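Heads up, the thing below is written out as structure tokens.
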Amino acid sequence: MTPGQILIAILLAMAISSAGTWQVQDWRLGKLLAEQGAQFEADLTSIGNAAAAGARAEQDKRLATEQKLAAQDQQHTRELSDAQRSQALLRDRLATADVRLSVLLAEDPASGFNVPSAPGAVGVVHAARRAQLDPAHAQRIIAITDDGDNAMIALRACQAYVRALSP
């Protein structure tokens, strides 16, 4: 063999051996990339499952809060309706003179000012002088107390709403 042929044979042998090395390294790299891809997929799946579980928990919590608020709203609506019904009944009784509002009179003998009480006035306080209010004034007083009752019911509803939303 001539020196040129030997050189070609050596170069050819080196090319073949380096090609085999590249194939082995390529196979190892492919295997490593496949393992990393599988791990990445597993991580993404676990992250997705955790996010879905968190979203379900938040949705369940929101649904429970909404149900609680709906029940409280029904209760306060019922309270308001009952209060309005009893107020209307009281106004009707005042209008028909079934019930009369009266005030307890303070007795001051020094002033000489005595308001005569209604004949036969009956009350809880014994031997105290009472004066009956004019029905129009009684209606205005009842309207004011109605507004106060409605405001108290609305305030309780607002407080219950805030308590339900705050942790």
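The values are calculated or read from the model by the stated rules, or taken from the named source; none is laboratory data. Given the structure is predicted, the values throughout are model-derived calculations rather than measurements. Here the Cβ positions follow ideal geometry from the backbone for every residue, glycine too, while neighbour counts run over all protein chains shown.
Odds and ends about this structure:
- Residue selected from region 54-100 under the condition polar (S, T, N, Q) and in contact with a helix residue (DSSP H, G or I) (Cβ under 7 Å, 6 or more places away or on another chain), by the criterion nearest to Cys158 (Cα to Cα): Gln72
- Any hit, region 56-66, residues being touching a residue at least 24 places away in the same chain (Cβ under 8 Å) and assigned to a helix (DSSP H, G or I): yes
- Taking region 36-81 as the range and being within 16 Å of Val162 (Cα to Cα) and either touching an Asp or Glu at 6+ places or on another chain (Cβ under 8 Å) or among the acidic types (Asp, Glu) (or both) as the test, the residues that pass are Glu66, Asp73.
- If you go through region 133-151 and keep only what is surrounded by 13 or more Cβ atoms within 10 Å (Cβ to Cβ) and within 30 Å of the chain's Cα centre (by Cα), you end up with Asp146, Asp149, Asn150.
- Search result, residues across region 57-112 that are of a type in the set (Asp, Glu), surrounded by fewer than 14 Cβ atoms within 10 Å (Cβ to Cβ) and at pLDDT 80 or above: Glu58, Asp60, Glu66, Asp73, Asp82, Asp92
- Ala128 at pLDDT below 80, in contact with a strand residue (DSSP E or B) (Cβ under 9 Å, 6 or more places away or on another chain) and assigned to a loop (DSSP other than H, G, I, E, B): yes
- Among the residues of region 1-14, those that are of a type outside the set (Val, Ile, Thr) and either modelled with pLDDT of 75 or more or surrounded by 10 or more Cβ atoms within 10 Å (Cβ to Cβ) (or both) comprise Pro3, Gly4, Gln5, Leu7, Ala9, Leu11, Leu12, Ala13, Met14.
- Filter result for Ala71 (in a helix (DSSP H, G or I) and either in contact with a Gly (Cβ under 6 Å, 6 or more places away or on another chain) or without any contact (Cβ under 8 Å) to a residue 60 or more places away in the chain (or both)): yes
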